[in-house]
Structures are given as structure tokens and as C-alpha cells.
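So the structure is just underneath, and the comments pick up after that.
The values are calculated or read from the model by the stated rules, or taken from the named source; none is laboratory data. No experiment lies behind these values; they were computed from the predicted model shown. Cβ: placed from backbone, ideal geometry, glycine included. Neighbour counts: every protein chain shown. Quick note on the areas: whole protein, heavy atoms, side chains included, nothing else; ligands and nucleic acids left out. Shrake-Rupley method; radii C 1.70, N 1.55, O 1.52, S 1.80 Å.
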Amino acid sequence: MNSIRILCFVIAAVSSYAALAYRLFQVRRSWRDTTYRTLMVTLLLQCLTFTMGAVAMGSDSFLGVGNLAILVMHVSAVAFCVSAQIILLRWATDAEEAVWKTRLWLVAGIALNALLIALFFVADGPGRPASDFNTGSGRPLVLTYLLFFIVSQAIPCVTIFRQCGRYARMTDNDSLRQALRMLRVAAVVLFLYCLARTVNILTAAAGVDIGVWQLASNIFSAAGILVLSLSLTIPSWGGSVAKLVEWARSYRSYRVLYPLWRDLYESSPDIVLEPSGAASVSDLNYRLHRRVVEIRDGWRDLRPYIDRASNRAGGAGPGASEESRQAFAEAAQIRQALQAKRTGTIPDDNKDTGGDFEDRDTDNLTAEIVWLTKVASAYRRLGRAADPVPERES
């Protein structure tokens, strides 16, 4: 069990220091921002908490005082919770409300820390075994100290959870909304840590051994700190990740559309707007938009060869959605129309006078990309057996 405790501690500590290091790279351009400075204080307190935890695990005394590292760790944890609450206020409330609520939290944090320090010395904390501060060992003053500490951690979890949901609905900033949602998750997990820690203390005081379940508090602590570290940094990197995800989605669509575009281009070479390679590979949005337009033009050129009577969607498989069945039907018609154009066969009932793309809204590029990607995927599946040669992007 000790190995698992150490692993959980390492995960929490590494995530804390990683978040601090990431934010330090922004110090030159963000130091004038009060919210940034408060965030840095929060991360420093978070790191100090786990640094003192490491000191307490390695030695019974700090600066010559027994269990002083445990006291500093707990005091830092209280200050960290207060600072995290202040960060939330600065993110999601107006300046005037944030000021007076910040003062309230600072007063509460100072009072709690003063109480913890007093209880520590009244309970003869320096002279007790370090294990007493894990379980309380049934000693009333130590139990009181530990329960006050847990309450100091649980209350911010409850307030952060309640406030984050409301603030997330109010903000228009996507990265901030995601940060608030993650902060809410962290608050839940850390509250579970508080409950698990309380169970550990009370069962030990009652002489009940709960065995491996004692590790629940360590696991919840590590998971909560990991999510919290991510939530405190996501406003600065969330936008970049969202752009990367969007780029990857666009690149996948660009690749999926290729087989359909290639066959339409071979049938109607005039649909190409620019020579191959005229656009930069890095300009993916432009290339994707161009591919969509060229597919649309090639599809339009095929309308005299599309047989309205052909509406097969068997490739969609049983239980497929209506949209999937329609995509397979369109793909089958395109494949049949390409063959008809090669042989010069014009069906009697064709789509030469029909609407464009089954009357879909072609002004919405995003929706059109999604739809064409479905059609292109169906087209590729229908042609896989007939064309075993691997398809390559040119």
C-alpha cells in the first residue's frame, strides 16, 4: 500500500510542478495581469503543499521542529484552497464583487490557519509521532486538528462546485467555460478525498481497520490535483488544443473526400479551380473548401447521368440511420453515374433538372463537409471490392 501512496503523491506533485512551469513561461507578457499573479500564487502554494509532504515523508522534523513539515503542508493547503477560490472569483465575477468576496475568503483563510497552528501546538504536535497526523490515533486534540483541516478543504470544494456550474453557463469564452467545468470536476474529486480522509480518521479512532480502502483518499487526492492543475492552465492552452483538434478533423475530412474527388476529377477535369500544388499544404482550410467546391461541381456535371430510379442503400447495413442510408444511396448513384458517363448512357429519368445535393443547405460549409464526408466514406466502401488498388493522395 505504501508504494501506491507514493505513486499517488508523485502524480499530484508532478502535475503541480508541471502546471507551475508551464505558467512561468508566460511571466514576461502576463505579469501585469492581477489574475495571472494570483494564479501563480495558487500554483506556488500547491507546489509548496506537496514539497512539504515530501519533506514530511522523509523526516520527522523540519528546521529542528518535529512534524513542522506537516503543519506547513496543512497551512499551505488551506491557503491554496483560498487562493483557488479567489482565482474563480476573478475569472467569473465583476471586479467589485470579486474584491469584497476575496477579502472574505482571505479573512476566513487566515482565521483557519491561525486555529490550525494553535491546535497543533496545544496538542503537542512537535512531540507526537508523525503517524498521529494521518489517523488521529484517538487523541481528541489531534482529531480536532485533523477534522478542522478537512473542513477547511471541503468547504471550498462545495463552493467551487456550486459556483462553477453557474459561471460556466454565463461566460461566452469557450476555454474559460471548459476550465470552469474541469474545476467543477476537480472539486467533486477533492471532496471525495475529504470524505475518504474523514472515514480513515474516524475508523482509526474507533479501532476499525478498513484495510486497502485507506488508499481511497490518496487516489482521490492525486486525481483531484491532476484535474485541478489542468483546469488552472487550460485558459492559456485550451484554444490551441481546440485549434489542433479542429485541424485534425479538417485533415481527416480532406483525406476522406479524396477518392470521391479523384473519380469526379477524372470524369470532369474542368472542375479543378487551380493546378495541383498551387495552394500551400499548410493552408488546409482553403484546400478543404476548394475540394468541397470541386466535388460539388463534379457532382453537378453528373446529373444528366444519375438515374432517379436507382436508390440503393444496401451498403449501409441493417439498422443504419436514415442519414447513413441516404449517404449510401447518393454514393451508389454517383458510382453508377460515373459508369454511365464513361459509356455515354443517359437514363430516361435523370437528375438534370433536379435540385442541388438533394436540396441540402450548401451555404453552410461545415454542414456540407460533414455530409460530403459521409457520402465519400460510403463511396469508398462501395468501391473497395471493385478497386483493390490502394488509393493515394496526389
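In table form, for the structure just shown:
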read-out	value
Distance histogram for region 109-252 (every C-alpha pair counted, 10 angstrom bins, percent rounded to whole numbers)	11, 30, 28, 17, 10, 4, 0
Base-10 log of normalised Debye intensity for region 129-198 (one unit scatterer per alpha-carbon) at q = 0.28 Å⁻¹	-1.12
Burial ranking of peptide ranges 49-59, 218-228 (average Cβ count within 10 Å, highest at the top)	218-228, 49-59
Two-site FRET efficiency, Gln339 against Arg169, from Cβ-Cβ distance with R₀ of 45 Å, rounded to 0.05	0.25
Per principal axis, descending, Cα span of region 28-186 in whole Å	53, 34, 26
Label-to-label distance, nm, for residues given as Glu323 and Val65 (7 Å Cα→Cβ offset)	6.3
Stretch gain in nm, segment Phe148-Leu365, where the contour uses 0.36 nm per residue and the Cα spacing is subtracted	72.4 nm
Relative intensity, log₁₀ I(q)/I(0), of region 195-263 from a Debye sum that treats every alpha carbon as a point, q = 0.13, 0.15, 0.16, 0.17 Å⁻¹	-0.63, -0.69, -0.73, -0.76
Computed label-point distance, nm, for sites Trp100 and Val122 using a 7 Å Cα→Cβ extension	3.3
Dipole magnitude of region 35-133, debye to nearest 20 (Cβ charges: Lys/Arg +1, Asp/Glu -1, about Cα centre)	160
Nearest-10 value in Å² for the accessible area of Ile155, using the 1.4 Å probe	90
Theoretical gain in end-to-end length, Ile210 to Glu274 [0.36 nm per residue, Cα-Cα removed]	15.9 nm
Cα-centre dipole for region 165-263 with unit charges at Cβ (Lys and Arg positive, Asp and Glu negative), debye to 20	340
For peptides 77-88, 101-112, 9-20, sequence by mean Cβ density within 10 Å, most packed first	77-88, 9-20, 101-112
Sites Phe25 and Trp247, calculated FRET efficiency, Cβ-Cβ separation with R0 25 Å, nearest 0.05	0.65
Viscosity 1.002 mPa s, temperature 20 °C, Stokes-Einstein D of region 1-102 from Kirkwood C-alpha radius, µm²/s	143
